[in-house]
Every structure is written in structure tokens, then in C-alpha cells.
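Pasting a structure here, questions to come.
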Amino acid sequence: MQFRDLARVFDRLESTSSRLEMIDTLASLFSSADGKTARKIVYLLQGRVAAPYTGIELGIGEKLAMAAISRAYGVDISDVEREYKEKGDLGLVAEALSANKKQMTLFSQPLTVDRVYSNFYRIATASGYGSQDLKLRLLVDLLNDAEPLEARYIIRIPLGKLRLGVGDATIIEALALAVLGSRDYRPDVERAYNLCSDLGYVAELLYEKGLEGIRSMGIVVGIPIRPALAQRAQSAEEIIARLGRCAAEAKYDGFRCQIHKKGDQVWIFSRRMENMTDMFPDLIAAAKALPADTIVFEGEAIAVNENTGEFYPFQMTIQRKRKYGVSEASKEYPLYLFAFDIMYLNGETLIERPYRERRQILEGILRDRKRIQPSEKIETDSADELEAFFESCVERGLEGIVAKDLNAPYIAGARKWSWIKLKRSYRGELSDTIDVVILGYYKGRGKRSQFGLGGILVGVYDPDEDSFKTIAKVGSGFTEEQLVEMKKLLDDIAVSHRPARVSAFLEPDVWVEPRYVITVTADEITRSPNHTAGWDGSRGYALRFPRIVGWVRDDKGPEDATTVQEIIDMYKDQKHVQVSENEA
Ligand code: AMP
């Protein structure tokens, strides 16, 4: 496939504000591709060259991009910089210079998707002495043969600034439509994706082996599974009403680890499926010693003060997520893993088995272990007993509990009622914090205008439509430094119009690509005609007195934000509380 065809599709996607149109555009592109090319297209759409777990990340700095532009078009670096200041986008600078280029290179060859992908792959994997120079040459090589529109994307992709607003769910529906003839096959494609977290691979498999191929896909040790997620409840009664007799586990406030072991080899993946293996030598040693040839299991890692036996707060535990100074940190903050699920053991996939059985297997494997031990758990059908367990967890500094449906399978990549979290609450605030996606910012008036940012427009995620719906303007909770920092972060991902996956009535001064998730709290959830979250034709939902708590979360992507349905549930529960209080 010619890269020109892909560049034209990118250009169309950029100006589309309807998700259905995006799916159609992508589906017709996929229809004209073979499996291998489709795989590459999927990665490029995701701004990558390989699945996240491989650790192969495509990324170059602005300096390198400017040097490549300067060399390819024979212009001074200072001119490139000046143009960049003016246009604010190096992709557009390359496009304009390419259009000005008077003389085409003598042996100019039209670019193919294969060649562009291959150069990007080499850029992503180049390392060590001479690698900067190699990256530069690979980029110049592409620019030399690129038409203006192609040049725009050849620069934007490795800079991580593709900004098409295409999410995984949109790609999945387009693939289902192109290869299987209907978007209704989304769940099949999604299931395969959830098991291997590699959408490029799933695309290729779909082309080559069809529906049966993806339906028969299983777990592979060493390749992460997309994690199961929890719904939230407001009370122990609600959990018992939904699940009846259930298990409840302590909810540890650390970070999630998915551990794979095959013989002597161990991998540890994050909630976002990044490979974190090198960060946790203490957990690796403990995993190696487990009595299993092959195993895939999951748990929450938390730092423990070995003198007192107490858990360290999250701020300390998170110190362990680092690439350097690993061995010092592992002495200072030893990690313990509280395992809560098992998905695979000695060649057998366990995810279809009920929780009760999986848990029994997990406990068997972890018998008498300390570093990796099963999470604390009770089983009950009494709301009082559940409440007492919750209280005891909170008293010991834990976050709350996660209740589990005894009969449910492990549902990868989805937020279902088979796992229900109940978190500690604070008076005068919502019972839980909300993870929102930043959609744009306001420049601010008065004192705030000196920072260039007065507040942010934020939204929640609607998985059915794969879109982001606004829920609040947040201007509180920022320190002055944070305002400055936030503006820098957001300017880097600014876009010229409302992204296609964002649904909003409000217009911020600057729209941004939905990328960053930040945690907020509020006094309550109210109904409002200004916001699109949960819109029923006349009103949506909004946060009253929202304020940020914490900073941009690097463990959550935009699709991991709180969902519209969760907001509606929280609203209902809050109303329920108010009504019963009034009645009393
Ligand atoms: P949240 O991030 O608030 O949606 O809560 C879900 C997260 O709680 C999971 O992704 C895990 O990282 C964490 N967690 C802690 N303890 C448990 C447990 N016993 N079972 C399941 N998840 C747990």
C-alpha cells in the first residue's frame, strides 16, 4: 500500500467530527489492505510500531525532528525554528517546506506503508553509539521521498503528535466491519485483544484466520492480558443485594502487577501492560520460587515497613516504579504482593473457571509464602459482616474492599459487576474520587491570566460510544506551579478543533487531544444543561465544586477514566442517601 493513501486517510480523520464516519473511513482503508499491512496500520494509528508490552516505543525529540527537516529541505535550523514558532507544529513546517521544495530528488521513489513502518521500527529500536545519527538518517530518508501531506505525518508520528482522536474501540469496530462485514463482531475482536493486548497482532490474525482464528485465541505466557476492572458500590448492602453470598478482599493501595512465569523466566506487567520486569528484583525472586512451571497471576504490590509490619502510604510505594536506583529502592521500600487472581497454570487457561475455583488454586500455589501471598479475604452473605470487614480494612489504612462474584469468570479488559469496589469515604465529599480526562483549557481571567491557564474542561468516558463527555470545568486545587506545568503539558497536545471523540456544548479556549487523566473530587454530582455526560435530551451530569486531588496519572489512559455509567450510579446512590435522610 502506498503511504500516500494512508496519509490521505489521516488527513480525513483529522477533520472528521463523527465517530461513525471515522469507522467507515478506516474500514474502507482496511478493506484495501492485507493482514501484514493492516497490522502496521493499526500500530501507526496507535502511534506505535509494536505492542506496549514489548517496550519498543517510537519516540523522537523535537531537536531531532528539526534537524531532519533542515537536512531534508536544505534550510537553516534557525529557519525551521522560526517556522515552528509561527505554526506551532513541526508536521506543518515539514509539509510547507516540502511544498516549497523546488527540485525533486533525482531518484525519488513513492513511499509505501512498509517502508515508512520499517524506518520507524528501526528508529524505535536504535540504541547506543551512533543511534542519534542513524535515527536522523532514517527520518531524512523518508522526508526526501515524501509528498507534502506525507511529510506532515512522517514528522508527527514519531513525535507522538498524530492527534487523530482514534481510540482502540474505533479501530476494533472498523476491523470488524472491514473483515467480517459488520460492527456487531466487535465483542469477538475485543475478546482477542483483551487476551493479548496487541491490536496489531489481532488484526493480522483476523485477516489470516478469520472469525474462528480470533475466537480460538488463548493466553500466551509472557504476553499480558488486559486487566479485569471493578465497578463501584456505595454500601455493603448494595453489594449483597447484587451478589448475594460473595467473597470480599482487602483493597490494597499500591500498584497492580500481572506476573507471568515460564520456568526460570519471569515478566511483570503494569495495569497498562507495560513491561516493568526490571523494576522489581524482589518480586522476581519470589515469583521464581513458586511451585509452578507456567503461571499467570495478578496482585497488588505495596511497600511494607518490615520493622513495624505496616503498609507504607501510596506515595512511598510508588517510589518503586523507577528505572534507576532499583536496588537501593528495593531495600528501602520492600514490596509485598497481595495476589488476587490467577488466569493460567501449567498449560491450562483458568479464566473461564469460577472465581471460587481460581481462588482455591491460587491459595494452593501460595501456601506458606510471604513475599507473594493471597490477599486477605472473607466470604459472607451478610451486609453487617461485610461492613465490619470493610471497617477493619479502613482502620488498618487500606483503601476499602473489593467484593467478588463467587461464580464469575475472569473478565479481561472490562468493568463488570463481578468485581465491586467499596472505598472509604470522606464527609462533605463524594464517596469516591473521579478520574477525569482533560479535554481543553480556559486561559483564565484576572490573576490567573498571568499563568495562561485558569481552568480545565474535563470529561468522563462513554465506552459504548467510545467517546468523552464533559462533566466539569475545574479551576480549584491547583498550585501556581501546577498551573504553569499544566499549561505546558496541554499546549503540547493542543488541537485546532474539538476532537471527534469529544462530545461537548462548552467551548474551551484551547482544545486538547484526550490523553491525560487526573483525579478530582467534588461536593456532589448534580444535573446540568451544560454538560454532555449522561445527556438525556435536556440535562446531563455535572460536578459541584470540583477540585483536583493529585496530578496527571501515568498509570491510566483516557479509556481508563471513570465512565458515564459510574457517574450515573454515584448520582443515584447519593440521591438515595439524601432521600432517606430527609425521610428520617
Ligand atoms: P480502582 O483503580 O479504584 O478502580 O480500583 C481497582 C484497582 O484496585 C485494581 O486495578 C487493583 O489495582 C486494585 N486492587 C487492590 N486490591 C485488590 C483486590 N483485592 N482485588 C482486585 N483489585 C484490587
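Here, each number is a calculation from the coordinates, and none is a lab measurement. The structure presented is a predicted model; accordingly, all values stated were derived computationally and were not measured. Virtual Cβ from ideal backbone geometry, glycine too; neighbours counted across all protein chains shown.
By what distance, in whole Å, do the Cα atoms of the stretch 229-426 stretch along each of the three principal axes, largest value first?
For the stretch 229-426, the Cα spread along each principal axis is 46, 40, 30 Å.
Please give the length that would be gained between residue 449 and residue 237 if that part of the chain were fully extended, namely 0.36 nm times their separation in residues minus their C-alpha to C-alpha distance (nm, one decimal).
Stretched out fully, the residue 449 to residue 237 stretch lengthens by 71.5 nm.
Are there trypsin sites (Lys or Arg not before Pro) in the stretch 76-181 that DSSP puts in a loop and that have at most 13 other Cβ atoms within 10 Å, and which ones?
Taking the stretch 76-181 and a limit of 13 other Cβ atoms within 10 Å, the loop trypsin sites (Lys or Arg not before Pro) found are 102.
How high is the relative contact order of the chain, given as a whole-number percent (alpha carbon pairs under 8 Å, six or more residues apart)?
12
How much length is gained on full extension from residue 552 to residue 315, taking 0.36 nm per residue of separation minus their Cα-Cα distance?
Extra length available between residue 552 and residue 315 comes to 83.9 nm.
Evaluate the distance, in nm, between pseudo-label points positioned 7 Å from the Cα of residue 328 and of residue 81 along their respective Cα→Cβ axes.
Output for this residue pair reads 3.5 nm.
Between residue 476 and residue 538, with labels modelled 7 Å along Cα→Cβ, what's the label distance in nm to one decimal, could you check?
Spacing of the two 7 Å Cα→Cβ label points: 2.9 nm.
Testing the spin-label approximation: label points 7 Å from Cα along Cα→Cβ at residue 523 and residue 63. State their distance in nm.
5.0
Here is a follow-up. Counting only GluC sites (Glu not before Pro) that are in a DSSP loop and have at most 11 other C-beta atoms within 10 Å, tell me the longest site-free stretch of the chain.
By the stated rule (loop sites, at most 11 other Cβ atoms within 10 Å), 1-305.
OK, next. What are the ³J(HN,Hα) couplings of the stretch 241-246, residue after residue, when phi is run through the Karplus curve with 6.51, -1.76, 1.60 and θ = phi - 60°? Round to Hz, x for glycine and proline.
4, 7, 9, x, 4, 8
On to the next question. Counting alpha carbon pairs within less than 8 Å and at least 6 residues apart, what relative contact order, in whole percent, applies to the stretch 310-424?
With pairs under 8 Å counted, the relative contact order is 24 percent.
How big is the dipole moment of the stretch 48-159 about its Cα centre under a simple scheme where the beta carbon of each Lys and Arg is +1, that of each Asp and Glu is -1, and everything else is neutral? Debye, nearest 20, please.
120
Only bridges with both residues in the chain count here: give the DSSP antiparallel percent, nearest 5.
85
Another question, if that's okay. What lysines does residue 288 reach when the alpha-carbon gap must be under 18 Å and sequence neighbours fewer than 8 apart in one chain are set aside?
List returned: 261, 262, 370.
Based on the Cβ-Cβ distance from residue 100 to residue 293, what FRET efficiency comes out when R0 is 60 Å, to the nearest 0.05?
With R0 = 60 Å, the Cβ-Cβ based efficiency is 0.45.
Determine ³J(HN,Hα), in whole Hz, for all residues of the stretch 546-551 in sequence, where each value follows from phi through the Karplus function 6.51 cos²θ - 1.76 cosθ + 1.60 and θ = phi - 60°; x replaces Gly and Pro.
x, 8, 7, 10, x, 9
Same structure again: Let me know the Kirkwood hydrodynamic radius for the chain, please, with Cα pairs as the basis and the value in Å to one decimal.
Computed over the chain, the radius equals 25.7 Å.
When only DSSP loop residues count, what chymotrypsin sites (Phe, Trp or Tyr not before Pro) in the stretch 114-174 have their Cβ near at most 16 other Cβ atoms within 10 Å?
Answer in residue order: 129.
Okay, next question. Rg to Rh ratio, the stretch 290-346, alpha-carbon atoms and Kirkwood radius?
Using only Cα positions, Rg/Rh for the stretch 290-346 is 1.06.
As a test of the formula, what do you get for the chain when each DSSP H run with n ≥ 4 contributes -39,500 (n - 2.57) and the sum is divided by the residue count, at 222 nm and rounded to the nearest 500 deg cm²/dmol?
After summing the helix terms and dividing by the residues of the chain, the value is -12000 deg cm²/dmol.
How far is the Cα center of the stretch 1-53 from the Cα center of the stretch 120-166, in Å?
If we compute the Cα centre of each part, the gap is 17 Å.
Starting at the first residue of the stretch 330-336, write each ³J(HN,Hα) from the Karplus equation 6.51 cos²θ - 1.76 cosθ + 1.60 with θ = phi - 60°, in whole Hz, x for Gly and Pro.
6, 6, 6, 10, x, 9, 10
Let me ask you something else. Let me check I've understood the local charge: for residue 288, count other residues with C-beta under 14 angstrom from its C-beta, Lys and Arg +1, Asp and Glu -1. What total comes out?
Taking every other residue near residue 288 into account, the sum is +1.
Only loop residues by DSSP count here, and only those with at most 16 other Cβ atoms within 10 Å; note down the trypsin sites (Lys or Arg not before Pro) in the stretch 393-423 that meet that.
Loop-located and lightly packed - 396.
Can you list the lysines whose alpha carbon is less than 27 Å from that of residue 572, not counting same-chain residues fewer than 8 positions off?
Partners found: 251, 404, 416, 421, 423, 469, 473, 556.
Another question about this same structure. So if each residue of separation counts as 0.36 nm, and I subtract the Cα-Cα distance between residue 215 and residue 109, what length gain in nm does that give?
Once the chain is fully extended between residue 215 and residue 109, it gains 34.1 nm.
Take the alpha-carbon centre of the stretch 322-374, take the same for the stretch 436-465, and report the distance between them in whole Å.
Comparing the Cα centres of the stretch 322-374 and the stretch 436-465, I get a distance of 39 Å.
Moving on. Write down the Kirkwood hydrodynamic radius of the stretch 48-159, to one decimal in angstroms, obtained as one divided by the mean of 1/r over all alpha carbon pairs.
Hydrodynamic radius (Kirkwood, Cα pairs) of the stretch 48-159 is 14.2 Å.
May I pose another question? Which of the lysines could a cross-linker bridge to residue 87, judged by Cα under 21 Å and excluding same-chain residues fewer than eight apart?
Correct list for residue 87: 63, 101, 161, 443, 487, 488.
Here's something else I'd like to know. With an 8 Å Cα cut-off and a minimum separation of 6 or more residues, compute the relative contact order for the stretch 229-426 in percent.
In percent, rounded to a whole number, it is 32.
For residue 502, what residues show an amide H to amide H distance below 5 Å, using hydrogens built from the backbone and excluding near sequence neighbours?
Here 468 satisfy the definition.
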